[in-house]
Amino acid sequence: MAALFRTNCVQSLRKGLALLSSKETMMCRRIAMTPKCYDISNETKPVKRKWVSYGFSQENEAEDRHALHQTMFVCVTIVMVVGFTIMAYLPDVRGKDWAQREAYLQLRYREENGLPPIDPNLIDPSKITLPTEEELVDVEIII
């Protein structure tokens, strides 16, 4: 079995070398003491490299590769890097920073003047109308 494997490897090596060099036009194989020779001079063709397209061009490999690299550069560099940089440095559109700063200023003002942090009568109680007990009898109150 090992001898058969070795002869197969030698044959594959000879076939590969025959395709690369044009000097050797006869290729022989020797299995079980019967030599058999083939004339491979008319079978030698230039080996074309296999190429799988990236989907930009089916005919031209250089154009396909260039379009891939250009698209990836635009997508990754310009859109992601520049886009995230712009988003990181945008101003605060919701006003969160202003509201927090205003809250700290109000708390400091109330502490300095001896007022409670939150006024219990923020809205005047005389302006609020609450429902009576009779109106709340059938209403379920969830606390």
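Worth a mention:
- Some residue of the range 85-107 being surrounded by 10 or more Cβ atoms within 10 Å (Cβ to Cβ), touching a Pro at 6+ places or on another chain (Cβ under 8 Å) and at negative phi: yes
- The number of residues in the range 108-134 being open to solvent by 100 Å² or more (accessible area, probe 1.4 Å) and hydroxyl-bearing (Ser, Thr, Tyr) comes to 2.
- In this structure, CYS37 does not satisfy being in a helix (DSSP H, G or I) and either surrounded by 10 or more Cβ atoms within 10 Å (Cβ to Cβ) or modelled with pLDDT under 90 (or both).
- Residue satisfying condition, being out of contact with any Cys (no Cβ under 7 Å at 6 or more places or on another chain) and within 30 Å of TYR54 (Cα to Cα), within set VAL93, VAL137, VAL81: VAL81
- Residue count for the range 70-112, restricted to those that are of a type in the set (A, V, I, L, M, F, W, C) and closer than 30 Å to SER57 by Cα: 10
- One residue from ASP119, ASP92 being more than 29 Å from the chain's Cα centre (by Cα), assigned to a loop (DSSP other than H, G, I, E, B) and at pLDDT below 95: ASP119
The values are calculated or read from the model by the stated rules, or taken from the named source; none is laboratory data. Everything quoted here is computed from the prediction, not taken from an experiment. All Cβ positions, glycine included, derive from the backbone under ideal geometry; neighbour counts span all protein chains shown. SASA here: full protein model, heavy atoms, side chains in, ligands and nucleic acids out. Shrake-Rupley method; radii C 1.70, N 1.55, O 1.52, S 1.80 Å.
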